[in-house]
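J.: If you scroll down you'll find the structure; I have some questions about it.
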Amino acid sequence: MRELSLNVMDIVQNSVTAKATFIEIIVKEITNDSLLSINDSLLSIIIKDNGCGMSEKQLKNVTDPFFTTRTTRSVGLGIPLFKMEAEQTGGSFSIDSEIGLGTTLKANFVTSHLDMTPLGNINSTVSILIRCNPDIDFLYRRSIDDKSFDLDTKELRQVLGNDVPLNSSEVMQWIDEYLKEQTQNLIGGKDNNEIIG
């Protein structure tokens, strides 16, 4: 079964292709019934970039799996699949984009639904994205109810200076350990793969 974290990687690759220099990945889980008008938990995934954006025509076609702007393949399954995965749980999907300003994609998932796709190892996905795109800044925000943490590569660059690349082995080791520790604090010591699904 496919994991949402792999879908996030595919969608962020669209942002990289769109020449984004800053990409936000927000993973927000609401499990507290008092915060919801329904009895189900919700998972929201938001991906926002400052890339080249899309025209109105591209935006209308972006959820069609037979439409892609990539020349390396004839179909574009990332966004249509993400939309389907959200909607099949009773959730929702939206995408907004403007030429020159970037794109924001938001998917809401009802996590108790039988068709909920597991989140998977989102920490590994974020780590791989930073490792493979060291010149792009990422803000990764993870929250469960009222607890949250951020990983902001702009802040890391300020601390490290210009001489240490983000994808150096020491920095990546620190990032991996930070994500693991913060996630464990967030979920109360469960393994990262147990967070959803």
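The values are calculated or read from the model by the stated rules, or taken from the named source; none is laboratory data. The shown structure was predicted, so the numbers you read here are calculated from the model rather than taken from an experiment. Reconstructed Cβ throughout: ideal geometry from the backbone, glycine too, with neighbour counts over all protein chains shown.
J.: If I ask for residues that are of a type in the set (D, E, K, R) and at pLDDT below 95, which ones from segment 96-127 would you list?
T.: Answer for segment 96-127, where residues must be of a type in the set (D, E, K, R) and at pLDDT below 95: 96, 98, 115.
J.: For the structure I just gave you, tell me whether residue 131 is out of contact with any Asp or Glu (no Cβ under 7 Å at 6 or more places or on another chain) and surrounded by 12 or more Cβ atoms within 10 Å (Cβ to Cβ).
T.: Yes: the conditions hold for residue 131.
J.: For segment 162-170, check the following and say yes or no: at least one residue is among the hydrophobic types (A, V, I, L, M, F, W, C) and modelled with pLDDT of 95 or more.
T.: No, every residue in segment 162-170 fails to be among the hydrophobic types (A, V, I, L, M, F, W, C) and modelled with pLDDT of 95 or more.
J.: Taking the conditions exactly as written (crowded, with 19+ Cβ neighbours inside 10 Å and modelled with pLDDT of 95 or more), does residue 178 satisfy them or not? Spell out the reasoning first.
T.: Values: crowded, with 19+ Cβ neighbours inside 10 Å: no; modelled with pLDDT of 95 or more: yes.
In short, no.
J.: Quick check on my filter: what residues within segment 123-161 are basic (Lys, Arg) and under 23 Å from residue 187 (Cα atoms)?
T.: Those that are basic (Lys, Arg) and under 23 Å from residue 187 (Cα atoms): 141, 142, 147.
To keep it simple, each residue is scored yes or no on (1) in contact with a Lys or Arg (Cβ under 7 Å, 6 or more places away or on another chain); (2) assigned to a loop (DSSP other than H, G, I, E, B).
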| position | (1), (2) |
| --- | --- |
| 104 | yes, no |
| 131 | no, no |
| 135 | no, yes |
| 140 | no, no |
| 158 | no, no |
| 170 | no, no |
| 174 | no, no |
| 185 | no, no |
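For (1) in a loop (DSSP other than H, G, I, E, B); (2) modelled with pLDDT of 90 or more, each residue gets a yes or a no:
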residue	(1), (2)
27	no, yes
40	yes, no
52	yes, yes
76	yes, no
84	no, yes
